[in-house]
1. Every residue in segment A:502-536 that is among the hydrophobic types (A, V, I, L, M, F, W, C) and out of contact with any helix residue (DSSP H, G or I) (no Cβ under 9 Å at 6 or more places or on another chain), please.
2. Residues in segment A:486-505: is at least one within 26 Å of B:Thr90 (Cβ to Cβ) and in a strand (DSSP E or B)?
3. I need the full set of residues from segment B:10-59 which are surrounded by 17 or more Cβ atoms within 10 Å (Cβ to Cβ), among the basic types (Lys, Arg) and more than 7 Å from chain A (Cβ to nearest Cβ), in order please.
4. Can you pull out every residue in segment A:401-434 that is touching an Asp or Glu at 6+ places or on another chain (Cβ under 7 Å) and surrounded by fewer than 23 Cβ atoms within 10 Å (Cβ to Cβ)?
5. Could you list, in sequence order, the residues of segment B:5-49 that are in contact (Cβ under 8 Å) with a residue 60 or more places away in the chain and in contact with a Ser or Thr (Cβ under 7 Å, 6 or more places away or on another chain)?
6. Assess whether B:His17 counts as being outside the structural domain of B:Val151 (by TED's automatic domain parsing) and over 25 Å from B:Val104 (Cα atoms).
7. May I ask you to list the residues in segment A:93-121 that are farther than 16 Å from A:Met150 by Cα and either at pLDDT 90 or above or surrounded by 19 or more Cβ atoms within 10 Å (Cβ to Cβ) (or both)?
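The values are calculated or read from the model by the stated rules, or taken from the named source; none is laboratory data. On a predicted model such as this, the values are computed, not experimentally measured, just so you know. Here the Cβ positions follow ideal geometry from the backbone for every residue, glycine too, while neighbour counts run over all protein chains shown.
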Amino acid sequence: MPQSIILDSFHLLVSNDMHFIDTGADIPDEDDRRIHRRPLLPREDEQEDIEDLQRRIQQRYAKSHDVEYDEEATDVEQQALLPSVRDPKLWMVKCAIGREREVAVCLMQKCIDKGTEIQIRSVVALDHLKNYIYIEADKEAHVREAVKGMRNIYPSKVMLVPIKEMTDVLSVESKAIDVARDTWVRMKIGTYKGDLAKVVDVDNVRQRVTVKLIPRIDLQALANKLEGREVPKKKAFTPPARFMNVDEARELHIRVERRRDPATGDYYENIGGMMFKDGFLYKTVSMKSISTLNVQPTFDELEKFRQPGETGDGDMSSLSTLFANRKKGHFMKGDRVIVVKGDLKNLKGSVEKVEEDTVHIKPHEKGLPKTLAISDRELCKYFDPGNHVKVVSGATEGATGMVVSVEGHVVNIVSDTTKDLLRVFADNVVESSEVTSGITRIGDYELHDLVLMDDNSFGVIIRVESEAFQVLKGVPERPDVALVRLREIKYKIDKKLFAKDRYKNTLSVKDVVKILDGPCRGKQGPVEHIYKGILFIYDRHHLEHAGFICAKSESCMMVGGSRANGDRNGNSFGSRFNHLRTPPRAPQSPMRTPRGGPPINFGGRHRGGRGHDALVGAVIKIRLGHYKGCKGRVVDVKGSSVRVELESQMKVVTVDRSHISDKVNVSTPFREPSRYGMGSETPMHPSRTPLHPYMTPMRDPGATPIHDGMRTPMRDRAWNPYTPMSPPRDNWEDANPASWGTSPQYQPGSPPRRTYEAPTPGSGWTNTPTGNYNEAGTPRNSSSAYANAPSPYLPSTPGGQPPMTPSSAYLPGTPGGQPMTPGSGGLDMMSPVVGSDSEGPWFLPDVLVNVHRSGEDNTVGVIREVLPDGSCRVALGSNGNGETVTALPSELEIVVPRKSDKIKIMGGAQRGATGKLIGIDGTDGIVKVDDTLDVKILDMVILAKLAQT
Amino acid sequence: MFFHIVLERNMQLHPRHFGRDLRDKLVTKLMKDVEGTCSGRHGFIVAITGIESVGKGLIRDGTGFVTFPVKYQCVVFRPFKGEILEAVVTMVNKMGFFAEAGPVQIFVSNHLIPDDMEFQSGDMANYTTSDGSVKIQKDSEVRLKIIGTRVDATEIFCIGTIKDDFLGVISDPGAAS
């Protein structure tokens, strides 16, 4: 058994080992003395005796085990010392409460008197174990024999201590109270229970410590007491902790004496027997009434302690406690640390390796050894301003932010989510790239959820605390924040509702609104939640309530179109960057505003037709009935029934309105069908016109791919009357484009558009609304719609340069190698069926062709040159050594290569490359390209046989 | 810092757009999709300046959508640690002030404002030196140094300092009026 344990615990140990008694006659005597002075630490002279004793115990046990005792016993050796079955057993015997020590001493006396008769080995009485003593003996009978006839001991119950627990009996949690000056402790009892205190003096002899506390003194009560007035015995409350103000005390006629403490020589104010200094209370208490373990002072507490004039010095010294309470594995490899104590103070380095208590660091300074081993107590984590960190413990645990400044051991952090300043200990922080706001969820509720509370009030969770939420209630008059516990929340409101703004525009979630009146007037941001006509708006410039503002929907105005440009839209800079094509969102003219709402968007053209329900155009899912599970787009709403164009089947079905759920892609009114149809083919490009200022990426055709994929442009119109007509189709329709353009419904939208478009370079078509539609009807113009985008780098005017395709106009940097078909723009080069339908000059020189001119036989020739007009100069003859003629492309036909022929690739990315056809698979040819030696599978159509040279 | 770089993106195009204007539409869509976005690696994509190449389209099974790999040149803006920027103050509070340099929001904590500047609350919150000669308020233009950046998927947020030589207010709207 580890001998040190026995000695450390200062428990009574009486041995009956013959050996022991023989060699040390004075031992009982010594033990006697120790019993009397139990609470005291051993004196110097005793120390030797103890060592002596220790040695003898060692000898004794060493003998029985033949184990060499070594001071530096390793763990394994220590294991070997553990009791085994061959060792004497430990028996637990009941005795009278409070008589444990007495019983033990009596037993010892008995052993001395009776000698070998008593076969027990030792007796142990533990201070913390009442009612029992332990007796070490080989057999239970020996124990019974030994205790026979003794008082205060009840041998009726003799229990064997299992071998495994034997060590626990005698091992004591190293309770050695290591109280040093300047350590932080907590009071265990009294008025100051739980309070943080700082040790200023330790009296080990009397087991008392003097601590410094922030007083909790009710001066009035104190005054009453001192003046002998009646003091109510039981106090209902503990006075709040605050610093003692001597002047205040004097005002209440409390006698304040200034005395010099004989021990320290410092002056203290003495009030009613209590000593104060600098406002702190100095109190001498028993060591038992303070707790030293796991004292983790919070930041606020420490700040308080620092308050009166104490500077950074105290901070550093008090760190030792903080360090002592560090968790295991506090330092990690790679952590940047700074040495705070010792010779190497202020040395910075990064952690290389962590051992038990020593940390190997790699100093950042040059000229120092590669690694230095430093005690972890002398190290402190170190951060630079700008580091992104995460708080790993303390009140703000889990929060992340960026370090703005470092003050010694304290780091100031700007929280990522709240943008608040947090002050935390460097110890509690680790570098991290993660972004969180601490906990964001309790139960089913998450930060920024809209929840309904018990009292039927509702609000948005703006902060999640450890056990409760801060909820911004849905009261528009003033910001009302309530602390709500989990159980007070009924449920999360997850409905997608709509509201009407002041101008009766339908608002949906994510629409950007501006608040027109109320306390937050002028603020603007996307709507996050709508409930009962109350909007919760998120304004990132609003620092309070996590940026949330609660407002009535009537006091808001929709800004820009509904469904603004996705994530960018809440940010003012979004518009700054989109201004090229997007009109500024904020200064909306009222005239335009009513057009912004989705339901009215293009309703004008179809008024009198179908109802303009917000649902129209929305992608929904059918929940019930025959078509349950089908997704589709709402094309019409009639009363309580909805006509839905199914995605999976090409038909429109009528279902009950209650049978659909609009969860799929919440309210995508109008935008999608109109997006390309109207957007890119008509001059009123959505992203450029105020009518349609924002395109959300959400609204991508990708959102409902199948659906979109199934429709042809023609049917687009036929199926969804809301789709605006693109000009070419307009011709096909009986409507007159001009009248359309000037139709009164459109008119209001035009002027602003025009003003907007006016600065567009080369946007000739914007001159008059009518004109633009006429022109738009011509293919060239419609194709140059993009070119009209007010991009500064656009050189061409739309109608201006006929030979130039829009793409080429747009792409000054296109590599020359890219073949460009004037007639068909960039299409055919990208199209997978390149060449099959193009009659452009896709021939290349050196290709073998069949020339069939009218009235002549087919002759084989080799293209020598491709002329700019598309015709080719062909040298007749399979080797190209015949006469040279000029042939039109229509007169030429490529000679289809056969296997193992040399070929030239006529289209695609590899156009112009030569290779060898190594195989044919249906319509595909397997080609080994000469340059790269790649093997490609290419359409046979784009392969041409190369002339032999 | 601004960069002119070449990026690549796979664009999905609806079959409806296949035709003469395919390329235009592709480019329009690309601009719409890309400009103003922010990626952690490259920063904010400010503007597309040209198309390098459009790769071969690949038809997606089932949808008919075609994916084109598009290489485009664009101007990106990416703030760096240690970079000096000029920014416009957008908000002042007791913790410091927020400024914007283009799309980037920068926070300058009061720890990083020179010690002689004090916060003055009121209608127009500001930081003022004791002699009142320098004032930072909303719409002031400041020169600042970025000391830390945090890059999200959609936003870059920076911490800046004006506690250094040659940093601070460069033009003050209040002074002009």
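1. Selection gives A:Val509, A:Cys520, A:Phe536.
2. No, every residue in segment A:486-505 fails to be within 26 Å of B:Thr90 (Cβ to Cβ) and in a strand (DSSP E or B).
3. Correct list: B:Lys29 only.
4. A:Gly408, A:His409
5. Of everything in segment B:5-49, those that are in contact (Cβ under 8 Å) with a residue 60 or more places away in the chain and in contact with a Ser or Thr (Cβ under 7 Å, 6 or more places away or on another chain) turn out to be B:Asn10, B:Cys38.
6. Yes.
7. A:Arg121 - this is the single residue of segment A:93-121 that is farther than 16 Å from A:Met150 by Cα and either at pLDDT 90 or above or surrounded by 19 or more Cβ atoms within 10 Å (Cβ to Cβ) (or both).
The rows are residues; the columns are (1) in contact with a helix residue (DSSP H, G or I) (Cβ under 8 Å, 6 or more places away or on another chain); (2) hydrophobic (A, V, I, L, M, F, W, C); (3) part of a strand (DSSP E or B); (4) more than 29 Å from B:Ile146 (Cβ to Cβ).
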site	(1), (2), (3), (4)
A:Ile338	no, yes, yes, no
A:Gly349	no, no, yes, no
A:Val359	yes, yes, yes, yes
A:Lys362	no, no, yes, no
A:Lys366	no, no, no, no
A:Val403	no, yes, yes, no
